[in-house]
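Engineer: I am attaching a structure below and will ask some questions about it afterwards.
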Amino acid sequence: MAGAIWCVVEDDRQGTPKKVMAEVLGEASRLASQLGGPAEAVWLTDKATEAGLKQLGEWGAKRVLLVEDAGLAPYRGEVWAPVLAELVQKESPQAVFGAVTTRQREVMARLAARLGAGLAADVVALAVEDGKLIATRPIYAGKLLSKMTWAKTPWLATLRPNVFKPAEARSGAAAAVDKPATTVPAPTMSLVERREESSTGLPELAEAEIVVSGGRGLKGPENFVILESLAKVLGAAVGASRAAVDAGWRPHRFQIGQTGRTISPKLYLGFGISGAIQHLAGMRTSKVICAINKDPEAPIFKIADFGIVGDLFEVAPALEQEFKKLLEK
Amino acid sequence: MKILVMIKQVPDTATQVKISSDPKAIDTAGITWIVSPYDEFAVEEALRIKEKRGQGEVVAVTLGPERAKEALRSCLAMGADRAIHLNDSTWEQADTLLTARALAAVIKQEQAALALFGRQAIDDDMGAVGAAVAELLGWPCASWIMEESVDEAGKTIRVGRQVEGGLEIFDLPLPAAVSAQKGLNEPRYPTLKGIMGAKKKEIKDVKAADLGLASEAPALSVVKLEALPPRPPGRIIPGDPAEAAKALVKALREDAKAI
């Protein structure tokens with residue numbers, strides 16, 4: 001019998017799985033229907049919630065392997081990797097998937113090294129060919145795609161958010177919950193403090209379905225309020241180009257591009273962004289791209305689905321009014 | 001305190017990258033090679049740690065073909081004391097795992113107190129080597145660090161690691177592995193003196209056998225490379241700002257169904 005496809009749960013540290021898990025579980029279930037073996041969730045946490053377990057079941061997990069231990073929070077790779085490895089060695093899943101988040105990128109790398117397994121990180125497509133899994137990954141700043149495969153199971157991969165089709169929650173579908181006995185090793189590293197970013201009230205860049213982004217065309221840090229105002233109407237995150245970040249207009253965590261964050265929203269709106277290759281690397285997998293720029297020759301228009309050649313200081317407020325009219329209907 | 005910095009030579013961001021006649025590889029003709037930008041942050045941070053402590057050694061390490069020596073030379077010009085080049089045809093097809101095994105073996109042999117990495121190399125963007133090396137060595141690790149300080153005794157490193165929604169400050173006992181995120185520092189440019197001095201510094205070639213490693217098949221391999229599917233041609237929306245905005249919102253709603 002084919003082994004299970006495991007999905008390592010990314011949560012909000014308060015016992016609720018993040019919505020990216022709908023995508024990871026959705027993809028795992030789709031592949032499981034071709035490869036055989038159930039889609040299952042593996043949840044390492046200091047405290048799970050009933051609602052969280054229910055949610056994982058509704059997203060398609062047939063079973064949740066729950067390891068609940070105070071030593072699992074805060075996340076530490078040196079603690080998580082041995083726990084996951086022990087579970088993998090006991091149960092031999094055919095694949096272990098994670099989401100591309102800061103901690104899962106790290107723990108999956110540690111897990112792969114511990115198991116001597118292959119890891120395909122930041123995958124944007126998965127397919128079964130001749131019974132084998134093939135992963136597609138963007139490489140060279142997204143200029144090419146690399147199709148990769150594994151020498152043996154377990155196949156380890158991290159999936160880029162907003163790319164895979166999320167599972168539709170089926171109410172009533174419940175996962176069996178197992179609490180396997182595992183050894184949670186003592187950590188050597190210790191958390192001193194957690195500095196929360198001042199909340200903008202807007203969604204996190206990597207997870208946002210709509211992203212509004214600004215570049216040098218904004219002319220100064222004070223003008224980002226124009227984009228923030230538009231973003232509030234859309235429930236969007238606000239990003240920036242490297243030029244805007246290097247000029248000190250926005251903190252680096254807002255940078256989209258090769259040396260910043262990679263995003264894949266349903267809708268991307270770029271204002272005063274020329275579209276340097278290094279910026280395109282971070283957003284070219286967006287589903288719909290809109291560019292607003294004064295310069296009709298700006299490279300971003302080459303990959304944009306819709307463009308407006310014009311002054312962003314006039315277009316952005318006009319767009320805000322139009323979106324308001326539409327969304328308040 | 002001995003610090004090893006793992007770097008990778010990658011094509012310059014602006015370089016055109018084309019698939020070669022072998023569909024599993026790129027055509028390297030005409031490519032401008034650079035040190036991966038995140039690795040430069042790591043080199044810079046290693047130099048700052050050494051300068052602050054007033055003693056120590058910074059060793060740049062890479063795994064790659066002969067041309068990768070140029071990248072090591074750049075690190076020496078920035079101020080690294082010496083370099084190690086894992087230069088063996090057995091590593092031509094090395095994946096993350098085999099690379100990590102080779103690097104872990106060197107770090108162990110050198111008895112480094114700290115291993116610094118870039119967050120990811122900007123060619124394959126895998127971003128897994130640093131954490132994999134830490135696991136192989138049984139060391140704690142922190143990825144995507146934005147700040148660090150080593151305590152006076154050289155026993156602990158305090159790092160700020162970027163996570164969704166904030167920064168987590170951790171103390172890691174040394175030896176440890178950390179990876180640099182942009183924002184950690186501003187890498188220095190090599191001075192003319194540095195460039196001249198780099199020519200006299202040692203770059204040691206190391207083979208797999210020197211590390212006691214046998215040739216192994218990779219756990220993950222490329223099936224083929226593909227060009228991006230072209231995006232359908234876009235549409236420029238004409239009109240004054242108010243008209244254009246109205247038409248764009250309509251198109252996003254009705255044609256693209258994006259909102």
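We did not get these values from a lab; they are worked out from the coordinates using the rules stated. Remember, it's a predicted structure, so these values are computed and weren't measured experimentally. Positions of Cβ are generated from backbone atoms using ideal geometry, with glycine treated the same way; all protein chains shown enter the neighbour counts.
Engineer: Just subtract the alpha-carbon distance of A:Lys324 and A:Ala151 from 0.36 nm times their residue separation and send over the number in nm, one decimal.
Structural biologist: 57.0 nm
Engineer: Counting DSSP beta bridges with both partners in segment A:115-259, what percentage is antiparallel, nearest 5?
Structural biologist: Antiparallel bridges make up about 60 percent of those DSSP assigns within segment A:115-259.
Engineer: Working from Cα positions, state the angle (0 to 90°, nearest 10) between the long axis of helix B:37-53 and the longest principal axis of chain B.
Structural biologist: 40
Engineer: I'd like the distance separating the alpha-carbon centroids of segment B:98-112 and segment B:9-72, in whole Å.
Structural biologist: Taking the Cα centre of segment B:9-72 as reference, the centre of segment B:98-112 is 18 Å away.
Engineer: Over chain A, with a Gaussian network built from C-alpha contacts below 10 Å, which listed residue (A:Gly220, A:Gly15, A:Gly60) shows the highest mean-square fluctuation?
Structural biologist: Answer for the Gaussian network model of chain A: A:Gly220.
Engineer: Which whole-angstrom value gives the distance between the alpha carbon centres of segment A:237-282 and segment A:1-65?
Structural biologist: 31
Engineer: If you take the square roots of the eigenvalues of the alpha-carbon gyration tensor of segment A:78-226 and sort them as a ≥ b ≥ c, do you get rounded (a/c under 1.5), prolate (a/b over b/c) or oblate?
Structural biologist: In terms of gyration-tensor shape, prolate.
Engineer: Sticking with this structure for a sec: Under a crude label model (7 Å from the Cα following the beta-carbon direction), how far is A:Gln14 from B:Arg53 in nanometres?
Structural biologist: 4.1
Engineer: Here's a follow-up. Take each of the peptides A:27-34, A:322-329, average the number of other beta-carbon atoms within 10 Å over its residues, and list them starting from the highest.
Structural biologist: In descending order of packing, they fall as A:27-34, A:322-329.
Engineer: Taking 30 Å as R0, compute the FRET efficiency from the Cβ-Cβ separation of B:Arg231 and A:Thr200 and round it to 0.05.
Structural biologist: Step by step, r from the Cβ atoms, then E = 0.50.
Engineer: Are there any trypsin sites (Lys or Arg not before Pro) in segment A:247-286 that are in a DSSP loop and have at most 16 other Cβ atoms within 10 Å? List them by number.
Structural biologist: Filter output for segment A:247-286: A:Lys266.
Engineer: Separate question: If you rank A:Ser199, A:Ser229, A:Ser241 by fewest surrounding Cβ atoms within 10 Å, what's the result?
Structural biologist: A:Ser199, A:Ser229, A:Ser241
Engineer: In the structure displayed, which of A:Lys152/B:Lys182; A:Lys294/B:Lys257; A:Lys19/A:Lys302; A:Lys219/A:Lys302; A:Lys165/A:Lys219 lie more than 29 Å apart, Cα to Cα?
Structural biologist: Exceeds cut-off: A:Lys152/B:Lys182; A:Lys19/A:Lys302; A:Lys165/A:Lys219.
Engineer: Can you give the charge dipole size of segment A:176-279 about its Cα centre, rounded to the nearest 20 debye, using +1 on the beta carbon of Lys and Arg and -1 on the beta carbon of Asp and Glu?
Structural biologist: I would put it at about 240 debye.
Engineer: Now, a different point. What translational diffusion coefficient, in µm²/s and rounded to a whole number, does the Stokes-Einstein relation yield for the protein assembly as shown at 4 °C and a viscosity of 1.567 mPa s, taking the hydrodynamic radius as the Kirkwood radius over Cα pairs?
Structural biologist: Rounded, D is 52 µm²/s.
Engineer: Let me ask something additional. Compare the Cα positions of A:Pro93, B:Ala256, B:Pro65 along the charge dipole of the protein assembly as shown (+1 at Cβ of Lys, Arg; -1 at Cβ of Asp, Glu; about the Cα centre) and return the one farthest towards the positive end.
Structural biologist: Projecting each Cα onto the dipole axis, the largest value belongs to B:Pro65.
Engineer: Follow-up. A:Lys179: which lysines have alpha carbons under 17 Å from its alpha carbon, excluding same-chain residues fewer than 8 sequence positions away?
Structural biologist: Partners within reach: A:Lys47, A:Lys54, A:Lys62, A:Lys90.
Engineer: Looking at the protein assembly as shown, what % of its DSSP beta bridges pair antiparallel, to the nearest 5?
Structural biologist: 35
Engineer: Considering the options A:Gly201, B:Ile237, A:Gly3, tell which one lies farthest towards the positive end of the dipole of the protein assembly as shown, charges being +1 on Lys and Arg and -1 on Asp and Glu at the Cβ, about the Cα centre.
Structural biologist: B:Ile237
Engineer: Mind running the shape call on segment B:90-231? Use the C-alpha gyration tensor, a ≥ b ≥ c as the square roots of the eigenvalues: rounded below 1.5 for a/c, prolate if a/b tops b/c, oblate otherwise.
Structural biologist: Verdict is rounded for segment B:90-231.
Engineer: For segment A:5-178, give the share of DSSP beta bridges that are antiparallel, in percent and rounded to the nearest 5; count only bridges with both residues there.
Structural biologist: If we restrict to bridges inside segment A:5-178, about 35 percent are antiparallel.
Engineer: Can you work out the Karplus-derived ³J(HN,Hα) for every residue in segment A:278-283? Use 6.51 cos²θ - 1.76 cosθ + 1.60 with θ = phi - 60°, whole Hz, and x for glycine or proline.
Structural biologist: 3J(HN,Hα) across segment A:278-283, in whole Hz: 5, 6, 4, 4, x, 9.
Engineer: Just check segment A:256-303 against the gyration tensor rule for me: Cα atoms, a ≥ b ≥ c as the square roots of the eigenvalues, rounded for a/c under 1.5, and otherwise prolate or oblate depending on whether a/b exceeds b/c.
Structural biologist: In terms of gyration-tensor shape, oblate.
Engineer: What is the dipole size for chain A, taken about its Cα centre, with +1 at each Lys and Arg Cβ and -1 at each Asp and Glu Cβ, in debye to the nearest 20?
Structural biologist: In total the dipole reaches around 540 debye.
Engineer: How would you rank A:Phe271, A:Phe313, going from fewest to most other Cβ atoms within 10 Å of each one's own Cβ?
Structural biologist: Ordered by Cβ neighbours within 10 Å, fewest first: A:Phe313, A:Phe271.
Engineer: What is the Cα convex hull volume of chain A when expressed per residue in Å³?
Structural biologist: 149
Engineer: Could you give the length gained on full extension between B:Thr191 and B:Ile31, defined as 0.36 nm per residue of separation minus the Cα-Cα distance, in nm?
Structural biologist: Answer, rounded to one decimal: 55.1 nm.
Engineer: Taking all pairs of distinct Cα atoms, average 1/r, flip it, and tell me the Kirkwood hydrodynamic radius of segment A:5-178 in Å to one decimal place.
Structural biologist: Roughly 15.9 Å, rounded to one decimal.
Engineer: Under 8 Å for C-alpha pairs, at least 6 residues apart: give me the relative contact order for chain B, rounded to a whole percent.
Structural biologist: Rounded, it is 23 percent for chain B.
Engineer: Here's another thing I want to ask about it. With a cut-off of at most 12 other beta carbons within 10 Å, and DSSP calling the residue loop, which GluC sites (Glu not before Pro) in segment B:89-156 qualify? Please list them.
Structural biologist: B:Glu92, B:Glu152
Engineer: Another question about this same structure. With angles folded into 0 to 90 degrees, how steeply does helix B:69-78 sit against the dominant principal axis of chain B? Use alpha carbons for both and round to 10.
Structural biologist: 80
Engineer: Per residue of A:276-282, count partner chain C-beta atoms within 10 Å of its C-beta, then hand back the mean as an integer.
Structural biologist: Average per residue, whole number: 2.
Engineer: Can you sort A:Asp130, B:Asp123, A:Asp305 from fewest to most other Cβ atoms within 10 Å of each residue's own Cβ?
Structural biologist: By the 10 Å Cβ count, ascending: A:Asp130, B:Asp123, A:Asp305.
Engineer: Separate question: Length gain on complete extension for the stretch A:Phe313 to A:Ala125, per 0.36 nm per residue less the alpha carbon to alpha carbon distance?
Structural biologist: Extra length from A:Phe313 to A:Ala125 when fully extended: 63.9 nm.
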